[in-house]
Amino acid sequence: MDGTRRRFLGRALAALAASGLLTRRTNDAAAAEPPDVPASMKSPGAGFNDYGMPAKYESKVTRTLGRSQPGTTGSGAIRTPLEALEGTITPSGLHFERSHSGVPDIDPAKHRLLIHGMVRRPLVFTVDALLRYPMVSRVHFIECAGNSQLLYQPTPPTLTAGQTHGLVSCSEWTGVPLRLLLEEAGVERGGTWMLAEGADAAAMSRSIPMAKALDDALLALFQNGERLRPENGYPVRLFLPGWEGNMSVKWLRRLKVVPAPIMTKDETSRYTDLQADGKALMFTYPMEVKSLITHPSHGMTLAGAGLYQISGLAWSGEGTIRSVEVSSDGGRSWLAATLTEPVLPRALTRFRLPWRWDGGATVLKSRAIDDAGNVQPEREKFIAEHGTNAIFHCNAIQAWSVAATGEVKHVYA
Ligand SMILES: Nc1nc2c(c(=O)[nH]1)N[C@H]1C(S)=C(S)[C@@H](COP(=O)(O)O)O[C@H]1N2
Ligand SMILES: [Mo]
């Protein structure tokens, strides 16, 4: 057995863990056995709720607010607590939110969506009309282009996984394929782009290539089975699978078919990426292949040497995750983690690997590879290629150090 194998010990140890050998058996065990009856069995429990809430013991599992821009309300972002979640679907109440000028209060009965510009038949849709079109459901992540931007900084942030990388969430989105509505409107020759505009005070506007609009773009009306949350675009948002979150315009009110990109403020002054050589990349659409270990991660403390379950998330805007490799020796050796089915394109993918910690100081890393062959880069390589001028599209490998005390911290290694 080589060193890497010995540290991970593969599935045999997972089975061992499941067999209960990790659970300490003491005389206390007797206290949980009949005839002792817990209080919860002695009187009837609480009644029903109109709308369910998490257990009160989980009240610390919340999003983390980055401050609103000075002098504004609701202009900023609030992040998903990735380290507190398992599986791949983000509960809607913990979905990250990025808004440029707060959440508008939109009455669905009054909202209209206009499709105009280079179309044979300009159309106006009520929300009720949209709800009558054939719908599809798809599980996809959405990630803000500015996610993980703290990794551009010279020193590692002393923040949790969610506070650092929590501008990504994953939901089942249900809505109308945009292609259907564009076919009804009849896109004219030369209508190769589309302006999408939101009904918020920021009038968020982006130019969308027609090819994407006709491919997998959705007009999302439902999120995880219920209507969109106000902060995620109620009553209707554009959803562009895999592309930088900014382009999935919330509170969508207008689609104008145009012959060329509009060069809106949101794609010139923002969402362009200034590189080390002084050139700026524009229209950087797909979010790059990425992963991070969510458990253990910064701020946690391991309770002594022994068996642990490494768990994390991987995703790629350019396809489906093919593999995730995990290193428990700072990147010298790597072992393939198990991907939890289903592994879906442009969706968060859960990876897991049993790990036996020997109690010594070490560094944990994960590296994702997608089915287009893209490999998540080490931070050093990423910075060497892109410099530190930009704040967007950072997909560098995340390293967590584990100290002999069990303390887990963000490090550059
Ligand atoms: N109308 C409008 N759409 C918007 C925004 C906005 O401020 N206004 N923010 C964009 C940004 S920058 C991102 S990352 C995503 C975030 O989507 P979410 O808030 O549902 O997570 O919405 C995008 N769509
Ligand atoms: Mo964003």
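For the reader, a short list of remarks on this structure follows.
- Matching option when the condition is buried (at least 24 other Cβ atoms within 10 Å of the Cβ) and farther than 30 Å from Ala217 by Cα, among Leu302, Leu364, Leu307, Leu335: Leu364
- Hits in segment 380-392 - residues which are surrounded by fewer than 21 Cβ atoms within 10 Å (Cβ to Cβ) and touching a helix residue (DSSP H, G or I) at 6+ places or on another chain (Cβ under 9 Å): Phe382, Ile383, Gly387, Thr388, Asn389, Ala390, Ile391
- Ala396 fulfils the conditions (1) closer than 21 Å to Gln163 by Cα; (2) touching a strand residue (DSSP E or B) at 6+ places or on another chain (Cβ under 8 Å); (3) open to solvent by less than 20 Å² (accessible area, probe 1.4 Å); (4) not in a strand (DSSP E or B) except for a single criterion, (2).
- Filtering segment 356-367 to residues that are within 23 Å of the chain's Cα centre (by Cα) and more than 25 Å from Ala276 (Cα to Cα) leaves Leu364, Lys365, Ser366.
- Given (1) more than 16 Å from ligand 2 (Cβ to nearest atom); (2) open to solvent by 90 Å² or more (accessible area, probe 1.4 Å), index of the condition Leu65 fails: (1)
- Hey, Ala347 among the small types (Gly, Ala, Ser), in contact with a strand residue (DSSP E or B) (Cβ under 6 Å, 6 or more places away or on another chain) and touching a residue at least 12 places away in the same chain (Cβ under 8 Å) or not: yes
- Residue match in segment 258-273 (condition: within 16 Å of ligand 2 (Cβ to nearest atom), of a type in the set (A, V, I, L, M, F, W, C) and either touching a residue at least 12 places away in the same chain (Cβ under 8 Å) or touching a Phe, Trp or Tyr at 6+ places or on another chain (Cβ under 7 Å) (or both)): no
- Residue, nearest to ligand 1 (Cβ to nearest atom), within segment 94-103, restricted to residues that are open to solvent by 40 Å² or more (accessible area, probe 1.4 Å) and out of contact with any Leu (no Cβ under 8 Å at 6 or more places or on another chain): His100
- Verdict on Asp358 being in contact (Cβ under 8 Å) with a residue 24 or more places away in the chain and open to solvent by 40 Å² or more (accessible area, probe 1.4 Å): yes
- Filtering Ile78, Ile142, Ile106 for residues that are within 16 Å of ligand 2 (Cβ to nearest atom), of a type outside the set (D, E, K, R), modelled with pLDDT of 95 or more and in the same structural domain as Trp251 (by TED's automatic domain parsing) leaves a single hit, Ile142.
- Residue in segment 218-232 that is buried (at least 23 other Cβ atoms within 10 Å of the Cβ), near ligand 1 (Cβ under 9 Å from one of its atoms), free of Cβ contacts under 8 Å to residues at least 60 places away in the same chain and assigned to a loop (DSSP other than H, G, I, E, B) present: yes
- Pair list, Cβ < 6 Å and 6+ apart or interchain, from segment 372-393 residues that are closer than 13 Å to Asp273 by Cα to residues that are crowded, with 19+ Cβ neighbours inside 10 Å and among the small types (Gly, Ala, Ser): Ile391/Gly146; Phe392/Ala145; Phe392/Gly146; His393/Ala145
- Restricted to helices (runs of 4 or more DSSP H) entirely inside segment 104-214, those with at least 2 residues that are surrounded by 21 or more Cβ atoms within 10 Å (Cβ to Cβ) and touching a residue at least 24 places away in the same chain (Cβ under 8 Å) are 161-165, 178-185.
- Residue tally, condition more than 15 Å from ligand 1 (Cβ to nearest atom) and touching a helix residue (DSSP H, G or I) at 6+ places or on another chain (Cβ under 7 Å), over segment 195-212: 0
The values are calculated or read from the model by the stated rules, or taken from the named source; none is laboratory data. Please read these numbers as outputs of a predicted model, since none were measured by experiment. All Cβ positions, even for glycine, are placed from backbone atoms using ideal geometry, and neighbour counts span all protein chains on display. Note: accessible area is taken over every heavy atom of the protein model, side chains too, but ligands, DNA and RNA are not part of it. Shrake-Rupley method; radii C 1.70, N 1.55, O 1.52, S 1.80 Å.
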